[in-house]
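Engineer: The structure under discussion is supplied below as structure tokens; questions concerning it will follow.
The values are calculated or read from the model by the stated rules, or taken from the named source; none is laboratory data. Bear in mind that the values here come from a model prediction, so they are computed numbers and not experimental data. Ideal geometry is used to build each Cβ from the backbone, glycine not excepted, and the neighbour counts take in all protein chains shown. Heads up: the accessible areas ignore ligands, DNA and RNA and are worked out on the full protein's heavy atoms, side chains in. Shrake-Rupley method; radii C 1.70, N 1.55, O 1.52, S 1.80 Å.
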Amino acid sequence: MMEYLGKKIETVILDIGNVLIDFAWEAYLASFQYSSEMYETVADAMFRNEDWCMGDSGLVTTGQWLELFIENAPEAEPQIREVFADFGRSIVPYPFTEEWIRHLRGQGVRLYYLSNYSEEMYRQSKEQLSFLRMLDGGIFSWKERLMKPDPAIYSLLIRRHGITPENAVFFDDCRKNVEAARNSGLNAVLFTTDIPLRMLEK
């Protein structure tokens, strides 16, 4: 058990995107060296579009998800298909990820992940997510057809893994997700990359 936020913590729950990995879609998209206009078109059709959440929701197939992006910018269909085919390259683990997990393990806590993540992104980025084997388990949104900040996904995690909310802390980079976790009884922290670095310095 570890002390955090002045409380005794026995379980740590981690978001994945922008907590354990850098979702570096801007650099990935820039690697295609499209014109600036095409870069913006593809970014708006895919990564900056609310349809991105449809993949994470698990409510559409991979093919349907791709078609949603194409519908947003039919004139960029070849580029959207090209970007979609290899977008797992946008997933880049932070340099501190494995060391931080080992550090938390050393505190004697249980470790879980709770992530809005699509099946296709997982298929393309499994190798970069190999550190998940160091955790005790977790929940991907697409598998459950539930997404943060829906209260049901927090309840599912708590119930499935026998978590005592007041003795658990959740790290997420999205304020809405943090607030929803707190409403579910969890201690929750808005994540910034200096948090693990400070913990590792101690």
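Engineer: Can you pull out every residue in region 20-42 that is surrounded by fewer than 16 Cβ atoms within 10 Å (Cβ to Cβ), within 21 Å of the chain's Cα centre (by Cα), in a helix (DSSP H, G or I) and not acidic (Asp, Glu)?
Structural biologist: Selection gives 27 alone.
Engineer: Next question. Answer yes or no as to whether residue 179 is in contact with a helix residue (DSSP H, G or I) (Cβ under 6 Å, 6 or more places away or on another chain), outside any loop (DSSP other than H, G, I, E, B) and surrounded by 13 or more Cβ atoms within 10 Å (Cβ to Cβ).
Structural biologist: Judged against the criteria, residue 179 is not a match.
Engineer: Now, a different point. With respect to residue 168, is the statement that it is touching a Ser or Thr at 6+ places or on another chain (Cβ under 6 Å) and not acidic (Asp, Glu) true?
Structural biologist: Yes; evaluated as a whole, the condition is true for this residue.
Engineer: I'd like to know if region 59-69 contains one or more residues that are open to solvent by 10 Å² or more (accessible area, probe 1.4 Å) and within 23 Å of residue 137 (Cα to Cα).
Structural biologist: Yes: one or more hits.
Engineer: Pairs only if they're at least six apart or on different chains, beta carbon under 8 angstrom, first in region 24-48 and in contact (Cβ under 8 Å) with a residue 12 or more places away in the chain and farther than 17 Å from residue 65 by Cα, second outside any helix (DSSP H, G or I) and open to solvent by 50 Å² or more (accessible area, probe 1.4 Å); list them, first residue then second.
Structural biologist: Taking only residues 6 or more apart or on different chains, the pairs are 24/92.
Engineer: In the set 114, 66, 59, which member is of a type outside the set (S, T, N, Q), modelled with pLDDT of 95 or more and within 30 Å of residue 2 (Cβ to Cβ)?
Structural biologist: When all the criteria are applied, what remains is 114.
Engineer: Could you grab me the full set of residues in region 81-94 that are β-branched (Val, Ile, Thr) and in a helix (DSSP H, G or I)?
Structural biologist: Matches in region 81-94: 83 only.
Engineer: For region 95-118, check the following and say yes or no: at least one residue is touching a residue at least 24 places away in the same chain (Cβ under 8 Å), crowded, with 17+ Cβ neighbours inside 10 Å, over 18 Å from the mean Cα position of the chain (by Cα) and assigned to a loop (DSSP other than H, G, I, E, B).
Structural biologist: yes
Engineer: Would you mention how many residues in region 43-80 are more than 20 Å from residue 145 (Cβ to Cβ), out of contact with any Asp or Glu (no Cβ under 9 Å at 6 or more places or on another chain) and part of a helix (DSSP H, G or I)?
Structural biologist: 8
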